[in-house]
Amino acid sequence: MASPGPHCVTLQWTAPGDDGTVGQADLYDIRYSTQPINQANFDNATQVDDPDHPLPSGTTQFLTVSGLESMTKYYFAIKTADENLNWSPISNVISRTTSEDVCSGMAGNIDCDPEDEITLGDLVALVAYLFRNNTTDCICVSEANVDGSLDDQVNIADLSLMVLYLFGGGDYLTWCP
């Protein structure tokens, strides 16, 4: 599963084990390209710098790949290694098209998806923004300031309201214009 923004894609996957679904892997090699990726050309794809370390087998992981061009189709694949650097074959390859580089629409549509809906992808993008790198190329900051404050700051209050909106039935929030 992946969620596209104007200059980024947030990937989601289930962590593999050290030996199949058992244990915990040691390293990821995550790559992307505008051309389909396969085992033969994996090393030619662009490598994601400093991906997170694998979590225990079966854990859901997220990673936002930023610095991408808007309105462009990208392919993504992962290889995993154990502590002895035994590398897996490539994962399944997914493709996503980044959205248009226009931030306008519904407050809360943080990842700028063209459907202008508030989804789990928006929540993931907001969490990545707040807790990873605070760069603005993966979210529409104007739509992320959903708490109605006039300070133009995106913070934990916005995250709290997003969670309440998505998981509290939408009754807790009036999105700011």
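The values are calculated or read from the model by the stated rules, or taken from the named source; none is laboratory data. Bear in mind that the values here come from a model prediction, so they are computed numbers and not experimental data. Reconstructed Cβ throughout: ideal geometry from the backbone, glycine too, with neighbour counts over all protein chains shown. Side chains are part of the model used for accessible areas, which takes the heavy atoms of the whole protein and leaves out ligands, DNA and RNA. Shrake-Rupley method; radii C 1.70, N 1.55, O 1.52, S 1.80 Å.
So how do 58-67, 158-167 stack up, highest first, on mean other-Cβ count within 10 Å? Don't jump to the answer; show the numbers that get you there.
On the way: 58-67: 16.2, 158-167: 17.7.
Packing order, densest peptide first, comes out as 158-167, 58-67.
Per the Debye formula on identical point scatterers at the alpha carbon atoms of region 8-111, with no solvent, log10 I(q)/I(0) at q = 0.14, 0.20 Å⁻¹ is -0.58, -1.02. How much FRET efficiency would the formula 1/(1 + (r/R0)^6) give for T21 and D50, where r is the Cβ-Cβ distance and R0 is 25 Å, rounded to 0.05? Efficiency for this residue pair is about 0.45.
Report the gain in length on full extension from T119 to N155: 0.36 nm times residue separation, minus Cα-Cα distance, nm rounded to one decimal.
Numbers: separation 36, 0.36 × 36 = 12.96 nm, distance 1.84 nm.
Separation in residues times 0.36 nm, less the Cα-Cα distance, equals 11.1 nm.
Between N86 and K73, residue separation times 0.36 nm minus the direct Cα-Cα distance comes to 1.6 nm.
Could you rank R96, R31 by how accessible they are, 1.4 Å probe, largest area first?
Numbers: R96 75, R31 25 Å².
Largest accessible area first, the residues go R96, R31.
Under the simplified labelling scheme, the Q61-Q39 pair shows an inter-label distance of 2.1 nm, with each label point 7 Å from Cα along Cα→Cβ.
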